[in-house]
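The values are calculated or read from the model by the stated rules, or taken from the named source; none is laboratory data. Note that the structure is predicted; figures quoted are calculated from it, not measured. Here Cβ is always computed from backbone atoms with ideal geometry, including for glycine, and neighbour counts include all displayed protein chains. The area values use the complete protein model at the heavy-atom level, side chains included, leaving out ligands, DNA and RNA. Shrake-Rupley method; radii C 1.70, N 1.55, O 1.52, S 1.80 Å.
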Amino acid sequence: MVKKIIAILLSIAMLTVGLTGCGSSENEIEIDEDVLSVNSFLPTEKYVKKLGRTEEVDSGLWLAYSGSGAEFSFNGTKATITLLGDDTINSEDWNSVPRIAIYVNDELVIDEMLMDESTSFTVFESETAQDCVIRIVKLSETGNSTCVIGSIEVEAYGAIKPTEDKEHTIEFVGDSITCGYGVDAEDQNSSFSTRTENASKSYAYLTAQLLDADYSLVSKSGHGIISGYTSDGTIQSWGVMSQFYECFGSGSGTVGGVTPDSVEWDFKNNPVDLVVINLGTNDYSYTGTDADKQAEYKTAYVEFIKTVRDDNPDAYIICALGIMGNELYPMVEAAVSEYAAETGDDKVTSFEFDVQSASDGYGADWHPSEVTQEKSAEALAEFIKEWLGW
C-alpha cells in the first residue's frame, strides 16, 4: 500500500512539473523501474523502433509514406498516443486526411482518420501492469497527407523501449498497388479515398509479415518509371518515381513549412537487405503496345536499377510486375538482363505476379482486392525464400 501511494504521488509530481522522458540530456529524467509512474516521451530512436521512412521533427516523428510508423514496448497499466496533422490538414476533405492504425500486442485497437490538428488515443488501460508492444502505422499514402506521432504517455515501470530489429529488412518501391489503394472499398465502382487505403493489407506489408522481416514502403499512386498514369496517352512526367526515390517522402503535406520531398533520405544509416521494385502498371497507360515507348521504358528501368543499386550497394533487388497487368513484364526482364550484362551484378532478378482475377473481386477503381493482395504476398514470399533462403 505504501509503495502504491508513493507511486501515485510521484506520478502527480511528474505531471505537475511537466517532466518528459526525452529531449536534450539536460531535460532527461531518471525513471525508477521499480515504481509505477506517468511519463511522456517523444518518439525518438532512443524510445521507439522506426517503421519505414520516418523523419524526426521538433513535434515528434513525421510519417509520410504508406506503412511508416513506430513500435515500442513497455510494462505498465496505461498508454496514450497523441497524433498530429500536418500543416495542411483539412477535416473537410474526408477523402484525403491520414488513416492511422494502432496495434497493442498485434491486436488492432485504433483504426481512425485524423480529422484534427491533434488527436489523442488511449490505446491501453489495465488495473494491473502488463507487458505491451504498441505499433503505430500510417495506412494511407504520402500523396494526400502526412502526419506526426507526437507525445507517447505511459503509466509504466521504467521507460518505453524500441522493439528489436528483425533479421532482414525489405524495401518495396511501387505505386497504388503497393499502397493498398482501395483494398477496403466495397467494389471496383468505388473511387479513391484515403479512408479505403490500407497499407497493412498490401502485398508488401503482408510479404514482410510472412518472412518476419522489417519493411519500408516507398510508394505513391499513379507513379511509374517514365510516366504517371495517363488517360489520353500523353506522358505524365509528374509521376516518375525516380524523382522521389531518394527523398523521405513526397506530396503536398508540410510540417513546419517543409515538404517531404525536400528532405533527403539517409540510405547509409538505414540499410535494407532487399529492394522490390513494382513499377510499370501506370507506364503502360502511356506506352500501350508502342514498341518505341516500351523500349523507352526499358532503358529508363535500367537507369532506375542503377540508382537503386548506388543507394543500396549491398541489397538484393527484385524487379516485379503483373498484378494489374503483365503487358510490360517482358521489358522488365529485358531491363534486368541488360543491366546485369552491363554491370556484372548478379544480385538482381525479375518476378512476375499472377494477374488479378475477377473471381477474387476488386478494390476501388479496379485495384487488387484483399484476396488478390494476400495471394500476391504468398507468391512473392515463396519466391524470396527460394531465391535467398530466408
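What the table shows:
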read-out: Using θ = phi - 60° and Karplus 6.51 cos²θ - 1.76 cosθ + 1.60, couplings along the stretch 125-140 (whole Hz; Gly, Pro as x); value: 7, 8, 6, 10, 5, 9, 7, 10, 10, 10, 10, 10, 10, 7, 7, 9
read-out: Three-way shape label, the stretch 248-305, alpha-carbon gyration tensor, a/c 1.5; value: oblate
read-out: Cut-off under 5 Å, modelled amide H: who pairs with S350 long-range; value: C319
read-out: Carbon and sulfur %, accessible surface of the chain computed with the full protein complex present, 1.4 Å; value: 46
read-out: Of the trypsin sites (Lys or Arg not before Pro) in the stretch 78-137, those whose Cβ has at most 16 other Cβ within 10 Å and which sit in DSSP loop; value: none
read-out: Amide H contacts under 5 Å for T254, placed H, 5+ residues apart; value: D87, T88
read-out: Computed helical MRE - 222 nm, the chain, DSSP H runs ≥ 4 contributing -39500 (n - 2.57), nearest 500; value: -7500 deg cm²/dmol
read-out: Charged-residue dipole, Cβ positions (Lys, Arg, Asp, Glu), the stretch 93-142 about Cα centre, Debye nearest 20; value: 180
read-out: Heavy-atom accessible area order for W265, W366, largest first, 1.4 Å probe; value: W366, W265
read-out: Cα shape, the chain, gyration tensor, a/c 1.5 rule; value: prolate
read-out: Solvent-accessible surface (1.4 angstrom probe) belonging to E117, in square angstrom, nearest 10; value: 140
read-out: Solvent exposure, largest accessible area first (probe 1.4 Å, DNA, RNA and ligands not counted), of K375, K138, K347, K268; value: K268, K375, K347, K138
read-out: Local net charge near L114, Cβ-Cβ under 11 Å (Lys/Arg +1, Asp/Glu -1); value: -2
read-out: Max mean-square fluctuation residue, GNM over the chain, Cα-Cα springs under 10 Å, options G69, G60, G233; value: G233
read-out: Integer Hz, Karplus 6.51/-1.76/1.60 couplings in order for the stretch 271-282, x for Gly and Pro; value: x, 10, 8, 8, 10, 10, 9, 10, 10, x, 4, 6
read-out: Amide H contacts under 5 Å for E55, placed H, 5+ residues apart; value: W62
read-out: Filter on K138/K306; K293/K347; K298/K347; K293/K385; K201/K347 - keep pairs with C-alpha separation over 24 Å; value: K138/K306; K293/K347; K293/K385; K201/K347
read-out: Accessible area in square angstrom per residue, the stretch 215-373, 1.4 angstrom probe; value: 41
